Amino acid sequence: FAASRALLTYGRFTDAWGITFTLLSAIPLCFQNNHGWSEGIAGLPYLALVAGCFIGFGTSRWSDIVYDRKRDANNGIPIPEYRLIGAMAFAWLMPAGLFIFSFTQYGFITPVAPIISLVCILVSVTG
């Protein structure tokens, strides 16, 4: 039973990365076709992914600090569920980011909204 639970958890993790990598190919197309950006400028939203990675790694460090505090409060005995604090706190950013990205692809909507959604998506995966 524990092995199937671990496999299910691993499958969900790989699904999140799979969705993220599939989205990578759509980013320049969205900004070229919908906002009229040139090919070179349409690659600039990838910088939002870099920002999302740094924010996500910062939240991961926060999650480690909380885990260490809870482990120390439990007389040094680690409880595996405490590792899920970051996932519970930031998992909602993935569907929210995908929702924002997909519904802000109109030319009359500012390109800032899908760029912010890219940050949300990467924070959810790395956080």
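No value in this document is a laboratory result; all are computed from the given coordinates. If you're wondering where the values come from, they're calculated on a predicted model, not measured in any experiment. Counting neighbours? That spans all protein chains shown, and the Cβs are built from the backbone with ideal geometry, glycine included.
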Which of [x] 42, 14, 10; [y] 20, 17, 13; [z] 34, 16, 11 is the computed semi-axes √(5λ) of the Cα gyration tensor in Å? It is [z]
With label points built 7 Å along Cα→Cβ from the Cα atoms of I77 and F57, find their separation and express it in nm. 3.5 nm
Kirkwood hydrodynamic radius of the range 75-127, Cα pairs, Å: 12.4 Å
